[in-house]
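Working notes for the structure below.
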Amino acid sequence: MESFIIAKNRHMSLSFDNTEIAFRYRSNKQLKKAHFLFKSMSSSFLTKTGIKLMDLALKLHLPVTGIIRSTIFEQFCGGETIQEAGKTAAILNPYNVTVALDYGVEGKQNESDYDNAVPEFVKAIEFAATQPNIPFIPIKITGFARFGLLEKLHENQTVMSEEQDEWQRVEKRIDTICAIAAKNKIRLLVDAEETWIQKPIDDLTNRMMERYNREGCYIFNTFQQYCIHRLDDLQKDFETAVAKGYHFGAKIVRGAYMEKERARAAEKGYPSPINPEKTSTDKKYDEAVRFCLEHLDPLTLYIGTHNEESCLKAVEILNEKGISPTDPHVYFAQLYGMSDNITFNLAAAGYHANKYLPYGPVKEVIPYLVRRAQENSSVKGQTGREFSLIQKEMARRGL
(Lines give C-alpha, C1' and ligand atoms only; values in the text may rest on other atoms or scores of the structure.)
Protein backbone atom coordinates (compact mmCIF):
# COMPACT_ATOMS: atom_id res chain seq x y z
CA MET A 1 0.00 0.00 0.00
CA GLU A 2 2.84 2.36 0.88
CA SER A 3 4.51 1.80 -2.50
CA PHE A 4 1.25 2.62 -4.28
CA ILE A 5 0.89 5.89 -2.35
CA ILE A 6 4.43 6.83 -3.35
CA ALA A 7 3.62 5.98 -6.99
CA LYS A 8 0.42 8.04 -6.80
CA ASN A 9 2.37 11.04 -5.50
CA ARG A 10 4.83 10.61 -8.37
CA HIS A 11 1.93 10.61 -10.83
CA MET A 12 0.56 13.84 -9.37
CA SER A 13 3.91 15.53 -9.99
CA LEU A 14 4.48 13.92 -13.41
CA SER A 15 5.60 16.49 -15.96
CA PHE A 16 6.90 16.06 -19.47
CA ASP A 17 8.63 19.44 -19.25
CA ASN A 18 11.41 18.27 -16.92
CA THR A 19 14.40 18.38 -19.26
CA GLU A 20 16.94 17.53 -16.58
CA ILE A 21 15.36 14.08 -16.28
CA ALA A 22 14.66 13.82 -20.03
CA PHE A 23 18.26 14.38 -21.16
CA ARG A 24 20.40 13.30 -18.24
CA TYR A 25 21.68 10.31 -20.24
CA ARG A 26 22.94 12.68 -22.99
CA SER A 27 26.36 14.35 -22.78
CA ASN A 28 26.76 18.03 -23.64
CA LYS A 29 28.27 17.06 -26.98
CA GLN A 30 25.36 14.75 -27.80
CA LEU A 31 22.86 17.40 -26.80
CA LYS A 32 24.47 19.99 -29.07
CA LYS A 33 24.46 17.52 -31.95
CA ALA A 34 20.75 16.77 -31.38
CA HIS A 35 20.09 20.52 -31.28
CA PHE A 36 21.70 20.95 -34.71
CA LEU A 37 19.88 17.94 -36.15
CA PHE A 38 16.38 18.96 -35.03
CA LYS A 39 17.02 22.54 -36.10
CA SER A 40 17.87 21.24 -39.59
CA MET A 41 14.81 18.98 -39.67
CA SER A 42 12.55 21.89 -38.74
CA SER A 43 13.01 23.05 -42.33
CA SER A 44 11.02 20.97 -44.80
CA PHE A 45 13.23 22.28 -47.61
CA LEU A 46 16.47 21.26 -45.86
CA THR A 47 15.04 17.85 -45.00
CA LYS A 48 13.93 17.10 -48.57
CA THR A 49 17.19 18.42 -50.00
CA GLY A 50 19.25 16.42 -47.51
CA ILE A 51 17.39 13.20 -48.33
CA LYS A 52 17.92 13.74 -52.08
CA LEU A 53 21.62 14.48 -51.63
CA MET A 54 22.07 11.45 -49.37
CA ASP A 55 20.33 9.21 -51.91
CA LEU A 56 22.46 10.58 -54.76
CA ALA A 57 25.70 10.21 -52.81
CA LEU A 58 24.91 6.58 -51.98
CA LYS A 59 24.05 5.79 -55.60
CA LEU A 60 27.38 7.33 -56.68
CA HIS A 61 29.16 5.32 -53.97
CA LEU A 62 30.54 8.46 -52.36
CA PRO A 63 32.04 8.05 -48.85
CA VAL A 64 29.11 9.51 -46.89
CA THR A 65 28.25 6.67 -44.52
CA GLY A 66 30.56 8.13 -41.87
CA ILE A 67 28.68 11.44 -41.96
CA ILE A 68 25.31 9.66 -41.83
CA ARG A 69 26.47 7.48 -38.95
CA SER A 70 27.68 10.41 -36.84
CA THR A 71 24.51 12.45 -37.36
CA ILE A 72 21.03 11.09 -38.07
CA PHE A 73 22.03 7.42 -37.54
CA GLU A 74 23.52 8.15 -34.12
CA GLN A 75 20.38 10.06 -33.12
CA PHE A 76 17.83 7.41 -34.09
CA CYS A 77 19.69 4.05 -34.08
CA GLY A 78 21.45 1.99 -31.45
CA GLY A 79 24.35 0.84 -33.60
CA GLU A 80 25.26 -1.23 -36.64
CA THR A 81 25.55 -4.56 -34.80
CA ILE A 82 23.56 -6.24 -32.10
CA GLN A 83 26.51 -5.78 -29.73
CA GLU A 84 26.55 -2.02 -30.35
CA ALA A 85 22.79 -1.87 -29.80
CA GLY A 86 23.29 -3.79 -26.56
CA LYS A 87 25.75 -1.14 -25.38
CA THR A 88 23.21 1.58 -26.15
CA ALA A 89 20.56 -0.36 -24.24
CA ALA A 90 22.96 -0.62 -21.30
CA ILE A 91 23.25 3.19 -21.23
CA LEU A 92 19.46 3.43 -20.77
CA ASN A 93 19.26 0.72 -18.10
CA PRO A 94 20.28 2.86 -15.07
CA TYR A 95 17.32 5.14 -15.83
CA ASN A 96 14.83 2.22 -15.75
CA VAL A 97 14.23 2.48 -19.51
CA THR A 98 13.87 -0.84 -21.30
CA VAL A 99 14.40 -1.51 -24.99
CA ALA A 100 12.60 -3.07 -27.95
CA LEU A 101 15.53 -4.27 -30.05
CA ASP A 102 14.55 -3.65 -33.67
CA TYR A 103 16.56 -5.12 -36.56
CA GLY A 104 15.96 -2.17 -38.89
CA VAL A 105 16.95 -3.72 -42.22
CA GLU A 106 14.11 -3.46 -44.77
CA GLY A 107 13.28 -4.03 -48.44
CA LYS A 108 14.23 -7.69 -48.82
CA GLN A 109 12.17 -9.43 -51.47
CA ASN A 110 13.18 -13.02 -52.12
CA GLU A 111 12.98 -16.40 -50.42
CA SER A 112 16.65 -16.58 -49.48
CA ASP A 113 16.44 -13.17 -47.81
CA TYR A 114 13.36 -14.28 -45.87
CA ASP A 115 15.09 -17.49 -44.78
CA ASN A 116 18.24 -15.60 -43.78
CA ALA A 117 16.21 -13.20 -41.63
CA VAL A 118 15.11 -16.02 -39.31
CA PRO A 119 18.52 -16.71 -37.69
CA GLU A 120 19.06 -12.95 -37.36
CA PHE A 121 15.92 -12.68 -35.25
CA VAL A 122 16.71 -15.84 -33.32
CA LYS A 123 20.09 -14.31 -32.50
CA ALA A 124 18.40 -11.08 -31.39
CA ILE A 125 15.99 -12.98 -29.12
CA GLU A 126 18.73 -15.06 -27.56
CA PHE A 127 20.85 -11.94 -27.07
CA ALA A 128 17.92 -10.08 -25.49
CA ALA A 129 17.41 -12.97 -23.06
CA THR A 130 20.92 -12.33 -21.66
CA GLN A 131 20.31 -8.61 -21.12
CA PRO A 132 18.58 -7.01 -18.12
CA ASN A 133 16.48 -4.47 -20.04
CA ILE A 134 15.53 -5.88 -23.47
CA PRO A 135 12.08 -7.48 -23.03
CA PHE A 136 10.81 -6.82 -26.58
CA ILE A 137 11.75 -7.68 -30.18
CA PRO A 138 9.67 -6.10 -33.01
CA ILE A 139 9.15 -7.95 -36.30
CA LYS A 140 7.48 -7.15 -39.62
CA ILE A 141 5.78 -10.00 -41.46
CA THR A 142 6.88 -8.40 -44.77
CA GLY A 143 10.41 -9.24 -43.65
CA PHE A 144 9.47 -12.91 -44.08
CA ALA A 145 6.79 -12.88 -46.78
CA ARG A 146 6.28 -11.53 -50.27
CA PHE A 147 4.03 -8.46 -50.34
CA GLY A 148 2.09 -9.74 -53.37
CA LEU A 149 1.28 -12.99 -51.60
CA LEU A 150 -0.03 -11.13 -48.54
CA GLU A 151 -2.13 -8.97 -50.85
CA LYS A 152 -3.72 -12.00 -52.51
CA LEU A 153 -4.47 -13.62 -49.16
CA HIS A 154 -5.98 -10.40 -47.83
CA GLU A 155 -8.30 -10.20 -50.83
CA ASN A 156 -9.25 -13.89 -50.53
CA GLN A 157 -8.01 -14.51 -54.06
CA THR A 158 -7.43 -18.07 -55.20
CA VAL A 159 -3.81 -19.00 -54.57
CA MET A 160 -1.94 -21.59 -56.60
CA SER A 161 -0.49 -24.70 -54.95
CA GLU A 162 3.02 -23.22 -55.09
CA GLU A 163 1.70 -20.09 -53.32
CA GLN A 164 0.12 -22.28 -50.65
CA ASP A 165 3.54 -23.85 -50.15
CA GLU A 166 5.06 -20.37 -50.05
CA TRP A 167 2.63 -19.32 -47.30
CA GLN A 168 3.42 -22.47 -45.31
CA ARG A 169 7.09 -21.48 -45.42
CA VAL A 170 6.16 -18.01 -44.13
CA GLU A 171 4.22 -19.51 -41.24
CA LYS A 172 7.10 -21.87 -40.44
CA ARG A 173 9.52 -18.93 -40.29
CA ILE A 174 7.27 -16.98 -37.94
CA ASP A 175 6.54 -20.07 -35.84
CA THR A 176 10.27 -20.70 -35.39
CA ILE A 177 10.80 -17.16 -34.13
CA CYS A 178 7.73 -17.22 -31.87
CA ALA A 179 8.74 -20.54 -30.32
CA ILE A 180 12.21 -19.22 -29.48
CA ALA A 181 10.69 -16.01 -28.06
CA ALA A 182 8.28 -17.87 -25.79
CA LYS A 183 11.03 -20.26 -24.66
CA ASN A 184 13.26 -17.31 -23.71
CA LYS A 185 10.35 -15.24 -22.30
CA ILE A 186 11.00 -12.43 -24.78
CA ARG A 187 8.01 -10.58 -26.20
CA LEU A 188 7.50 -10.23 -29.96
CA LEU A 189 5.81 -7.08 -31.27
CA VAL A 190 4.31 -7.87 -34.68
CA ASP A 191 4.16 -4.56 -36.54
CA ALA A 192 1.06 -3.34 -38.36
CA GLU A 193 1.40 -2.79 -42.09
CA GLU A 194 -0.75 -1.52 -44.98
CA THR A 195 -4.48 -2.20 -44.62
CA TRP A 196 -4.58 -4.13 -47.89
CA ILE A 197 -2.27 -6.83 -46.49
CA GLN A 198 -3.29 -6.68 -42.82
CA LYS A 199 -5.79 -9.57 -42.63
CA PRO A 200 -3.29 -12.42 -43.17
CA ILE A 201 -0.95 -10.69 -40.72
CA ASP A 202 -3.74 -10.58 -38.12
CA ASP A 203 -4.72 -14.18 -38.77
CA LEU A 204 -1.14 -15.41 -38.50
CA THR A 205 -0.43 -13.37 -35.37
CA ASN A 206 -3.60 -14.61 -33.67
CA ARG A 207 -2.60 -18.20 -34.43
CA MET A 208 0.81 -17.54 -32.87
CA MET A 209 -0.86 -15.99 -29.80
CA GLU A 210 -3.12 -19.01 -29.43
CA ARG A 211 -0.11 -21.31 -29.71
CA TYR A 212 2.44 -19.48 -27.54
CA ASN A 213 0.52 -17.18 -25.19
CA ARG A 214 -0.77 -19.94 -22.94
CA GLU A 215 1.66 -19.49 -20.05
CA GLY A 216 2.29 -15.77 -20.54
CA CYS A 217 2.00 -12.95 -23.04
CA TYR A 218 4.83 -13.27 -25.56
CA ILE A 219 3.20 -12.44 -28.91
CA PHE A 220 1.64 -9.01 -29.55
CA ASN A 221 -0.35 -7.67 -32.48
CA THR A 222 -0.38 -3.98 -33.46
CA PHE A 223 -3.53 -1.91 -33.95
CA GLN A 224 -3.24 1.35 -35.91
CA GLN A 225 -5.97 3.62 -34.64
CA TYR A 226 -5.95 5.96 -37.63
CA CYS A 227 -7.77 3.08 -39.34
CA ILE A 228 -11.53 3.38 -39.00
CA HIS A 229 -12.09 -0.28 -38.07
CA ARG A 230 -9.09 -1.17 -35.90
CA LEU A 231 -10.71 -0.50 -32.53
CA ASP A 232 -13.42 -3.00 -33.51
CA ASP A 233 -10.75 -5.49 -34.62
CA LEU A 234 -8.95 -5.10 -31.29
CA GLN A 235 -12.09 -5.82 -29.28
CA LYS A 236 -13.11 -8.77 -31.45
CA ASP A 237 -9.65 -10.38 -31.35
CA PHE A 238 -9.47 -9.92 -27.57
CA GLU A 239 -12.84 -11.63 -27.14
CA THR A 240 -11.57 -14.55 -29.23
CA ALA A 241 -8.48 -14.81 -27.01
CA VAL A 242 -10.62 -14.88 -23.87
CA ALA A 243 -12.93 -17.51 -25.36
CA LYS A 244 -9.97 -19.71 -26.33
CA GLY A 245 -8.08 -19.14 -23.09
CA TYR A 246 -4.86 -17.45 -24.13
CA HIS A 247 -3.17 -14.16 -23.20
CA PHE A 248 -3.64 -11.25 -25.58
CA GLY A 249 -0.86 -8.79 -26.44
CA ALA A 250 -1.93 -5.42 -27.87
CA LYS A 251 0.36 -2.72 -29.15
CA ILE A 252 -1.62 0.48 -29.75
CA VAL A 253 -0.28 3.10 -32.19
CA ARG A 254 -1.77 5.87 -34.27
CA GLY A 255 -0.27 4.66 -37.55
CA ALA A 256 2.43 5.02 -40.17
CA TYR A 257 0.95 4.74 -43.67
CA MET A 258 -1.70 7.47 -43.81
CA GLU A 259 -0.67 9.26 -47.01
CA LYS A 260 -0.10 5.97 -48.85
CA GLU A 261 -3.46 4.61 -47.67
CA ARG A 262 -5.42 7.66 -48.82
CA ALA A 263 -3.61 7.81 -52.17
CA ARG A 264 -4.34 4.14 -52.91
CA ALA A 265 -8.00 4.51 -51.95
CA ALA A 266 -8.36 7.50 -54.26
CA GLU A 267 -6.54 5.75 -57.10
CA LYS A 268 -8.60 2.55 -56.86
CA GLY A 269 -11.90 4.23 -56.05
CA TYR A 270 -12.78 2.73 -52.68
CA PRO A 271 -13.59 4.57 -49.41
CA SER A 272 -10.50 5.59 -47.47
CA PRO A 273 -9.88 3.29 -44.50
CA ILE A 274 -8.36 6.24 -42.62
CA ASN A 275 -10.19 8.47 -40.15
CA PRO A 276 -11.21 11.74 -41.84
CA GLU A 277 -9.43 13.96 -39.32
CA LYS A 278 -6.82 13.73 -36.56
CA THR A 279 -9.34 14.31 -33.76
CA SER A 280 -11.10 11.06 -34.71
CA THR A 281 -7.80 9.19 -34.54
CA ASP A 282 -6.97 10.75 -31.17
CA LYS A 283 -10.39 9.77 -29.82
CA LYS A 284 -10.11 6.17 -31.06
CA TYR A 285 -6.57 5.90 -29.74
CA ASP A 286 -7.60 6.91 -26.24
CA GLU A 287 -10.66 4.62 -26.43
CA ALA A 288 -8.43 1.70 -27.42
CA VAL A 289 -6.05 2.37 -24.53
CA ARG A 290 -8.96 2.64 -22.08
CA PHE A 291 -10.45 -0.63 -23.36
CA CYS A 292 -7.12 -2.38 -22.84
CA LEU A 293 -6.59 -0.93 -19.37
CA GLU A 294 -10.05 -2.17 -18.41
CA HIS A 295 -9.14 -5.74 -19.44
CA LEU A 296 -5.65 -6.22 -18.04
CA ASP A 297 -4.20 -9.58 -17.03
CA PRO A 298 -5.50 -11.64 -19.91
CA LEU A 299 -4.36 -8.55 -21.87
CA THR A 300 -0.93 -6.90 -21.83
CA LEU A 301 -0.76 -3.39 -23.28
CA TYR A 302 2.08 -1.67 -25.14
CA ILE A 303 1.21 2.03 -25.53
CA GLY A 304 3.25 3.32 -28.47
CA THR A 305 2.86 7.07 -28.79
CA HIS A 306 4.68 10.40 -28.89
CA ASN A 307 1.50 12.19 -27.86
CA GLU A 308 1.91 13.65 -24.40
CA GLU A 309 -1.83 14.03 -23.82
CA SER A 310 -2.50 10.35 -24.58
CA CYS A 311 0.22 9.31 -22.15
CA LEU A 312 -1.21 11.52 -19.41
CA LYS A 313 -4.72 10.16 -20.04
CA ALA A 314 -3.42 6.60 -19.73
CA VAL A 315 -1.67 7.51 -16.47
CA GLU A 316 -4.91 9.05 -15.18
CA ILE A 317 -6.84 5.84 -15.97
CA LEU A 318 -4.22 3.76 -14.17
CA ASN A 319 -4.49 6.08 -11.20
CA GLU A 320 -8.31 6.01 -11.24
CA LYS A 321 -8.34 2.22 -11.22
CA GLY A 322 -5.68 1.90 -8.55
CA ILE A 323 -3.33 0.11 -10.92
CA SER A 324 0.30 0.37 -9.89
CA PRO A 325 2.78 2.00 -12.31
CA THR A 326 4.83 -1.18 -11.95
CA ASP A 327 1.99 -3.42 -13.15
CA PRO A 328 3.66 -5.90 -15.54
CA HIS A 329 0.79 -5.63 -18.04
CA VAL A 330 1.38 -1.99 -19.08
CA TYR A 331 4.26 -0.45 -21.05
CA PHE A 332 4.70 3.02 -22.53
CA ALA A 333 6.96 3.32 -25.57
CA GLN A 334 8.59 5.90 -27.84
CA LEU A 335 11.17 5.71 -30.61
CA TYR A 336 14.82 6.07 -29.68
CA GLY A 337 16.01 9.62 -30.34
CA MET A 338 12.56 11.15 -29.96
CA SER A 339 10.32 12.23 -27.06
CA ASP A 340 12.89 11.60 -24.35
CA ASN A 341 10.85 13.99 -22.20
CA ILE A 342 8.02 11.41 -22.19
CA THR A 343 10.09 8.23 -21.83
CA PHE A 344 12.46 9.29 -19.10
CA ASN A 345 9.92 11.21 -17.03
CA LEU A 346 7.56 8.21 -17.10
CA ALA A 347 10.44 5.95 -16.07
CA ALA A 348 11.40 8.34 -13.25
CA ALA A 349 7.79 8.24 -12.03
CA GLY A 350 7.94 4.45 -11.84
CA TYR A 351 6.13 3.45 -15.03
CA HIS A 352 7.39 0.83 -17.48
CA ALA A 353 9.01 2.98 -20.19
CA ASN A 354 10.43 1.47 -23.35
CA LYS A 355 12.47 2.70 -26.30
CA TYR A 356 12.16 1.26 -29.82
CA LEU A 357 15.86 0.83 -30.65
CA PRO A 358 16.69 0.04 -34.31
CA TYR A 359 20.06 -1.35 -35.31
CA GLY A 360 21.71 -2.52 -38.53
CA PRO A 361 24.32 -1.45 -41.11
CA VAL A 362 24.04 2.26 -41.94
CA LYS A 363 23.19 1.70 -45.60
CA GLU A 364 20.58 -0.92 -44.74
CA VAL A 365 18.62 1.29 -42.31
CA ILE A 366 18.45 4.32 -44.63
CA PRO A 367 14.69 3.77 -45.31
CA TYR A 368 14.04 3.91 -41.56
CA LEU A 369 16.15 7.05 -41.14
CA VAL A 370 14.41 8.78 -44.04
CA ARG A 371 11.03 8.12 -42.40
CA ARG A 372 12.25 9.60 -39.12
CA ALA A 373 13.50 12.73 -40.90
CA GLN A 374 10.28 13.10 -42.87
CA GLU A 375 8.16 12.46 -39.80
CA ASN A 376 9.93 15.11 -37.75
CA SER A 377 9.68 17.56 -40.62
CA SER A 378 6.00 16.96 -41.41
CA VAL A 379 4.29 16.12 -38.11
CA LYS A 380 2.84 19.35 -36.79
CA GLY A 381 4.72 20.55 -33.72
CA GLN A 382 6.95 17.46 -33.39
CA THR A 383 10.27 19.05 -34.35
CA GLY A 384 9.43 22.32 -32.63
CA ARG A 385 8.68 20.50 -29.38
CA GLU A 386 11.90 18.46 -29.53
CA PHE A 387 13.94 21.54 -30.43
CA SER A 388 12.48 23.73 -27.66
CA LEU A 389 13.08 21.05 -25.01
CA ILE A 390 16.69 20.61 -26.12
CA GLN A 391 17.16 24.39 -26.06
CA LYS A 392 15.70 24.51 -22.56
CA GLU A 393 18.10 21.85 -21.31
CA MET A 394 21.08 23.51 -22.99
CA ALA A 395 20.16 26.76 -21.23
CA ARG A 396 19.84 24.91 -17.92
CA ARG A 397 23.34 23.47 -18.43
CA GLY A 398 24.69 26.85 -19.50
CA LEU A 399 25.70 25.61 -22.96
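Structure values in brief
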read-out	value
Wholly within region 25-83, helices (runs of 4 or more DSSP H) carrying at least 3 residues that are surrounded by fewer than 17 Cβ atoms within 10 Å (Cβ to Cβ) and at pLDDT 90 or above	28-41
Residue among S339, S388 that is surrounded by fewer than 19 Cβ atoms within 10 Å (Cβ to Cβ), closer than 18 Å to L31 by Cβ, hydroxyl-bearing (S, T, Y) and at pLDDT 90 or above	S388
Pick from region 179-211, criterion in contact with a strand residue (DSSP E or B) (Cβ under 7 Å, 6 or more places away or on another chain) and in a loop (DSSP other than H, G, I, E, B), ranking: modelled with the highest pLDDT	I186
Members of region 264-279 that are surrounded by fewer than 12 Cβ atoms within 10 Å (Cβ to Cβ) and among the hydrophobic types (A, V, I, L, M, F, W, C)	A266
Contacts under 7 angstrom Cβ, first residue in region 77-99 being farther than 13 Å from F344 by Cα, partner basic (K, R), 6 or more apart	G79/K87; I82/K123
A347 vs. criteria touching a strand residue (DSSP E or B) at 6+ places or on another chain (Cβ under 8 Å), farther than 26 Å from D237 by Cα and in contact (Cβ under 8 Å) with a residue 40 or more places away in the chain	yes
Those residues of region 325-336 which are among the β-branched types (V, I, T) and either surrounded by fewer than 24 Cβ atoms within 10 Å (Cβ to Cβ) or under 18 Å from T383 (Cα atoms) (or both), in sequence order	T326
Complete set of residues in region 131-167 that are among the polar types (S, T, N, Q) and in contact with a Gly (Cβ under 9 Å, 6 or more places away or on another chain)	Q131
Qualifying position, being in contact with a Pro (Cβ under 6 Å, 6 or more places away or on another chain) and either buried (at least 17 other Cβ atoms within 10 Å of the Cβ) or farther than 22 Å from N341 by Cβ (or both), among C311, C227, C217	C227
Those residues of region 104-139 which are part of a helix (DSSP H, G or I) and among the β-branched types (V, I, T), in sequence order	V118, V122, I125
Among the residues listed as E364, E393, E309, the single one being under 25 Å from F76 (Cβ atoms) and without any contact (Cβ under 8 Å) to a residue 60 or more places away in the chain	E309
Any hit, region 222-240, residues being under 21 Å from K183 (Cβ atoms), in contact with a Lys or Arg (Cβ under 8 Å, 6 or more places away or on another chain) and charged (D, E, K, R)	no
Number of the exception - A182 against (1) within 30 Å of L231 (Cβ to Cβ); (2) in contact (Cβ under 8 Å) with a residue 40 or more places away in the chain; (3) of a type outside the set (V, I, T); (4) buried (at least 19 other Cβ atoms within 10 Å of the Cβ)	(2)
Of all residues in region 241-285 being modelled with pLDDT of 90 or more and among the hydroxyl-bearing types (S, T, Y), the one that is nearest to I317 (Cα to Cα)	Y285
One residue from A347, A333, A288 being modelled with pLDDT of 95 or more and in contact with a Gly (Cβ under 9 Å, 6 or more places away or on another chain)	A333
Residue in region 240-249 that is in contact (Cβ under 8 Å) with a residue 12 or more places away in the chain and under 19 Å from the mean Cα position of the chain (by Cα) present	yes
Residue satisfying condition, being part of a helix (DSSP H, G or I), among the polar types (S, T, N, Q) and under 24 Å from V370 (Cα atoms), within set T142, T176	T142
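The values are calculated or read from the model by the stated rules, or taken from the named source; none is laboratory data. Fair warning: this is a prediction, and the values are worked out from it, not measured in the lab. Cβ atoms come from the backbone with ideal geometry, glycine included; neighbour counts cover every protein chain shown.
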